[in-house]
Amino acid sequence: MERYDNNMTNVQNFRVKAWAPVQYYRDVVLPRLLEERVIRISPFANRLSFDVPPVVQRLRCLANYEALRFSNPILTMGETLVARMKERSASHGGKYVSVHLRFEEDMVAFSCCVFDGGEQEAKDMKEARERGWKGKFTKPGRTIRPGAIRLNGKCPLTPLEVGLMLRGMGFDKNTYIFLASGKIYNSEKYMAPLLEMFPNLLTKDMLALDKELDPFKNYSSRMAAIDYTVCLHSEVFVTTQGGNFPHFLMGHRRFLYGGHSKTIRPDKRKLALLFDNPKVGWKSFKRHMMNMRSHSDSKGFELKRPNDSVYSFPCPDCMCRVNRTEDSRSSSVT
């Protein structure tokens, strides 16, 4: 790396097609690696087929769950915030709930969902879509049906909906919550009810000094890596939207905690029906939420099914031992 000034961004990017077979790596990638001594593959997700021999699968597991590490500055910052969350939640045994909330402007815009339905929201979303996707949503013949998108469970949950869901699941106002998120759209308006329901809610910006986060603030992936670290060591992880972040995190937690990840994945189709039904009372809503939570918590040790990703379901491919040693769980909060 000396010839690249120890900076990975200086290494020429080598593009690999998605789901490439093992033979592609032997015939194309390996010769280039031997020639250059170091290569950078980007994008990196899903570059290797899941249909590989057991020995290659074990190598994938070793790389994914044992070898790969965040850089020292990111890891140190993340572990510092984990320690601060445990200190803040000392009255609860150092245990806290982490919530991955996807209600940033770009996510709200891309979803094509309608939330407050006001003129300002419509204007903001139209401008955001044009900035980010330039005509993708205004092509002739394309019809957007926000109602159908919501009923299909594809709309991001609002902070208010997340708060109601958590309260319905039995988490009271004293629960310590770490919120992993980017900049929330219209945060002053949308975050107010969630903060009222959970006054012990914290974010990385609230836990860290400005000068501590300054080296990371201009890099969304580095900020996400800090969020990832704090979520990894929470007692319960709540995911509200799909994507690589929650999928990798679920698998990492399963691996780290011997299979039982304590992850809550709400049924968003069911949530949409409940939230949009004015006749549903609190007792009925809470019963549905408790059932939803029980369904998530009771899964515990899940085996990977044929079409599942090893990144979300590391057992049995990556987990020969069900019970991890204390050393491998040294930073566990369970």
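The values are calculated or read from the model by the stated rules, or taken from the named source; none is laboratory data. Not measured: the values here are computed from a predicted model. With ideal geometry, Cβ positions are generated from the backbone for all residues, glycine too; neighbour counts draw on all protein chains shown.
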Within region 20-53, how many residues are among the aromatic types (Phe, Trp, Tyr) and at pLDDT below 90? 2
Candidate set: region 222-259, residues that are crowded, with 20+ Cβ neighbours inside 10 Å and polar (S, T, N, Q); chosen: the one nearest to the chain's Cα centre (by Cα): Thr239
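Look through Arg15, Arg60, Arg69 and report the one residue that is within 23 Å of Arg254 (Cα to Cα) and assigned to a loop (DSSP other than H, G, I, E, B). Let's see the steps before the verdict.
Values: Arg15 fails: within 23 Å of Arg254 (Cα to Cα); Arg60 fails: assigned to a loop (DSSP other than H, G, I, E, B).
None of the other options fit; the residue is Arg69.
Results for (1) touching a Pro at 6+ places or on another chain (Cβ under 7 Å); (2) more than 30 Å from Ala45 (Cα to Cα); (3) not assigned by TED's automatic domain parsing to the domain that holds Met125, shown as yes or no for each residue.
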residue: Ile177; (1), (2), (3): no, no, yes
residue: Asn186; (1), (2), (3): no, yes, yes
residue: Leu194; (1), (2), (3): yes, yes, yes
residue: Asp210; (1), (2), (3): no, yes, yes
residue: Lys217; (1), (2), (3): no, no, yes
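Out of the residues in region 1-37 meeting the condition of being among the hydrophobic types (A, V, I, L, M, F, W, C) and touching a helix residue (DSSP H, G or I) at 6+ places or on another chain (Cβ under 7 Å), tell me which one is farthest from Gln57 (Cα to Cα).
Quick first cut of region 1-37, residues among the hydrophobic types (A, V, I, L, M, F, W, C) only: 1, 8, 11, 14, 16, 18-20, 22, 28-30, 33-34.
Now drop any that are not touching a helix residue (DSSP H, G or I) at 6+ places or on another chain (Cβ under 7 Å), which leaves 11, 14, 16, 22.
Working: Val11: 27, Phe14: 22, Val16: 18, Val22: 11 Å.
Here the answer is Val11.
On the basis of being under 27 Å from Asp276 (Cβ atoms) and within 20 Å of the chain's Cα centre (by Cα), does Gly153 make the cut? Talk me through it step by step, then tell me what you get.
Numbers: under 27 Å from Asp276 (Cβ atoms): yes; within 20 Å of the chain's Cα centre (by Cα): yes.
For Gly153, the condition - under 27 Å from Asp276 (Cβ atoms) and within 20 Å of the chain's Cα centre (by Cα) - is met.
If we scan region 201-224, do we find a residue that is touching a residue at least 60 places away in the same chain (Cβ under 8 Å), among the hydroxyl-bearing types (Ser, Thr, Tyr) and under 24 Å from Glu121 (Cβ atoms)? Spell out the reasoning first.
Here is the first cut: in region 201-224, the ones touching a residue at least 60 places away in the same chain (Cβ under 8 Å) are 202, 204, 207-208, 212-213, 215-216, 222.
Next, only the ones that are among the hydroxyl-bearing types (Ser, Thr, Tyr) stay: none.
No, every residue in region 201-224 fails to be touching a residue at least 60 places away in the same chain (Cβ under 8 Å), among the hydroxyl-bearing types (Ser, Thr, Tyr) and under 24 Å from Glu121 (Cβ atoms).
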Pairs only if they're at least six apart or on different chains, beta carbon under 6 angstrom, first in region 271-290 and among the β-branched types (Val, Ile, Thr), second outside any loop (DSSP other than H, G, I, E, B); list them, first residue then second. Val280/Leu274
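Let's see how each residue does on (1) of a type in the set (Lys, Arg); (2) modelled with pLDDT under 85; (3) assigned by TED's automatic domain parsing to the domain that holds Gly242:
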| residue | (1), (2), (3) |
| --- | --- |
| Thr263 | no, no, yes |
| Pro266 | no, no, yes |
| Ser284 | no, no, yes |
| Met290 | no, no, yes |
| His295 | no, yes, yes |
| Lys304 | yes, yes, yes |
| Cys318 | no, no, yes |
Hey, could you check region 260-291 for residues that are small (Gly, Ala, Ser) and over 22 Å from Arg305 (Cα atoms) and say which is surrounded by the most Cβ atoms within 10 Å (Cβ to Cβ)? Ala272
